[in-house]
Amino acid sequence: MGHTSKMFVIAGAALSLSGVAFAAESDTSRAYANELKADAAGRTSLAAGGKTSGLTITDGSGNFSMRVGGLMLFRYSANFRTGSTPNTTPVPATGGGVTGKDKATIGFSARRTQLYFSGNAGSPEITYYIQGNFNTAGNVTNGTFILQDAFVKYTFDNNWDVRWGQFKLPILTEDLIGDAYQQSADRSTTANIFRQNRSQGIQVGYSADVFRVLAAFSDGWRTANTDYNNAAEADYALTLRVDGKFAGDWNQWNQFSSWQNSQFAAFLGGAVHWQQGGSTGDGADAVANTNQANFLLWTIDTQIKGNGWNVFGAIIGNHAKQRNGGATFNSYGWQIQGGFFATQQIELFARYDGFYGARQQGLVPRTFHFLDFGLNYYLFPESQTAKITGDVLIGLTRSQGLQNTNFQNTVPGGTNPFPDTLSGALGSPKSGEVNLRVQFQLLF
């Protein structure tokens with residue numbers, strides 16, 4: 001038990017908190033920590049490579065517990081573009097936007113400020129997870145507190161579990177791996193185009209030593225914090241993800257980085273999501289965000305990790321069909337990234353990702369490429385608690401075309417991907433947009 005944990009135990013006893021103890025090293029908290037680490041495939045995980053963040057409060061029986069923690073990401077960005085400058089504010093759904101002449105955009109941002117609460121209630125088999133974010137919803141940063149995750153999970157003795165509530169559907173690995181465990185300052189531009197955000201539904205999971213399966217029935221793509229009659233919801237949505245483990249431990253799937261002296265690990269997974277729309281909403285003719293009736297998205301990805309190095313790759317296929325005999329939008333994405341530790345605390349990394357748009361979207365060009373490279377400095381070895389990230393994101397093709405309003409037909413609930421302050425790219429009429437990012441992360 002560390003000195004900090006001892007201080008909390010002593011303080012708790014002195015105040016006589018009705019038998020509630022701050023028990024960081026109790027059998028109950030250790031068992032729950034293992035549950036947190038095993039659960040990362042279906043939610044934003046806040047368990048770090050064998051260590052857990054937050055402070056746990058438990059009762060004596062182990063039937064009730066609460067872990068409280070959070071994440072802060074503070075970033076400095078310097079973006080440089082060439083040619084006539086595109087819009088630097090999000091384009092409204094009706095088109096248009098605000099144009100400017102600046103070729104450099106520089107400043108600070110509180111990229112993410114999150115709080116989470118997790119634990120078990122009534123018995124160790126019934127767990128819960130609640131997470132909110134103070135800062136961002138898409139490209140909007142206004143400090144409003146927004147609910148992200150809110151679900152309950154029941155774990156059976158035979159490796160089965162079921163959860164219900166609001167959570168990330170089990171699709172893209174880069175999306176499922178938590179915000180604190182990305183290798184670069186943020187997710188790739190391609191992931192931000194296709195990522196699911198959250199949905200409301202029920203998910204059943206089965207986990208074995210060499211494979212695991214997750215299947216969900218939900219409201220569909222990007223339907224967080226919506227009521228059941230919201231026009232953005234699908235009539236029904238089905239999601240299936242299967243992961244295979246050829247070496248290593250499932251906990252190594254939770255983050256991209258691989259510490260020095262880590263064992264070899266290899267994972268191969270795939271997922272498919274299908275949803276039907278057209279009737280949900282306040283009236284049969286209610287128009288959803290993107291007017292789609294059918295939507296199919298699939299992905300195949302792999303992680304290979306070793307002694308201080310890692311490689312990740314993924315391909316994504318997306319097929320969205322508008323209702324009433326409308327057009328079908330087929331688009332694709334891909335990425336590959338890797339990193340290695342030059343020292344115990346310094347990690348170098350690089351990533352290449354791309355997007356291929358549908359013909360009907362009128363994108364010029366139709367294919368977009370991005371390169372990202374940089375380094376992480378971990379203040380504490382083998383811990384994501386505090387780290388400094390510096391990276392450079394380069395647009396290898398002109399990206400102003402991604403502001404086309406037809407791009408919203410790519411995914412349900414989709415918006416114009418540029419400007420994208422999450423990935424850091426604002427869009428440029430010529431290739432060579434450069435975005436420099438320096439970010440400090442604190443996971444507590």
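The values are calculated or read from the model by the stated rules, or taken from the named source; none is laboratory data. Treat the numbers as computed from the prediction; the structure is a model and nothing was measured. Every residue, glycine as well, gets a Cβ built from its backbone with ideal geometry; the counts of neighbours run over all protein chains shown. SASA here: full protein model, heavy atoms, side chains in, ligands and nucleic acids out. Shrake-Rupley method; radii C 1.70, N 1.55, O 1.52, S 1.80 Å.
In table form, for the structure just shown:
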item	result
Selected residue [open to solvent by less than 20 Å² (accessible area, probe 1.4 Å) and on the phi > 0 side of the Ramachandran plot] from Gly427, Gly339	Gly427
Which numbered condition Phe380 misses (of (1) in a strand (DSSP E or B); (2) open to solvent by 50 Å² or more (accessible area, probe 1.4 Å))	(1)
The listed residue being at positive phi and modelled with pLDDT of 85 or more, out of Gly69, Gly83, Gly62, Gly95	Gly62
Subset of the range 205-258 (residues that are open to solvent by 10 Å² or more (accessible area, probe 1.4 Å) and of a type in the set (Val, Ile, Thr))	Val210, Val213, Thr226, Val242
Count - residues of the range 296-350 that are under 30 Å from Asp235 (Cα atoms) and not in a loop (DSSP other than H, G, I, E, B)	22
Boolean, Thr223 is of a type in the set (Val, Ile, Thr), within 15 Å of Leu176 (Cβ to Cβ), touching a residue at least 60 places away in the same chain (Cβ under 8 Å) and touching a Gly at 6+ places or on another chain (Cβ under 9 Å)	no
Complete set of residues in the range 351-363 that are part of a strand (DSSP E or B), open to solvent by less than 30 Å² (accessible area, probe 1.4 Å) and either free of Cβ contacts under 8 Å to residues at least 40 places away in the same chain or not basic (Lys, Arg) (or both)	Asp353, Gly354, Phe355
Hits in the range 259-275 - residues which are buried (at least 19 other Cβ atoms within 10 Å of the Cβ) and more than 16 Å from Ala314 (Cβ to Cβ)	Trp259, Ser262, Ala265, Gln275
In the range 368-377, the residues that are open to solvent by less than 70 Å² (accessible area, probe 1.4 Å) and farther than 17 Å from Asp420 by Cα	Gly374, Asn376
Residues of the range 101-127 that turn out to be open to solvent by less than 50 Å² (accessible area, probe 1.4 Å) and in a strand (DSSP E or B), as a count	13
Selection within the range 191-220 - part of a loop (DSSP other than H, G, I, E, B) and closer than 26 Å to Trp160 by Cβ	Gln196, Arg198, Ala208, Asp209, Val210, Asp219, Gly220
Close pairs from the range 63-86: first among the charged types (D, E, K, R), partner open to solvent by 50 Å² or more (accessible area, probe 1.4 Å) and at pLDDT 95 or above, Cβ under 9 Å, at least 6 apart	Arg67/Phe117; Arg75/Val438; Arg75/Phe440
Filter pass, Ile171 being within 28 Å of Trp298 (Cα to Cα), surrounded by 14 or more Cβ atoms within 10 Å (Cβ to Cβ) and either aromatic (Phe, Trp, Tyr) or in contact (Cβ under 8 Å) with a residue 24 or more places away in the chain (or both)	yes
Verdict on Asp179 being within 19 Å of the chain's Cα centre (by Cα) and open to solvent by less than 10 Å² (accessible area, probe 1.4 Å)	no
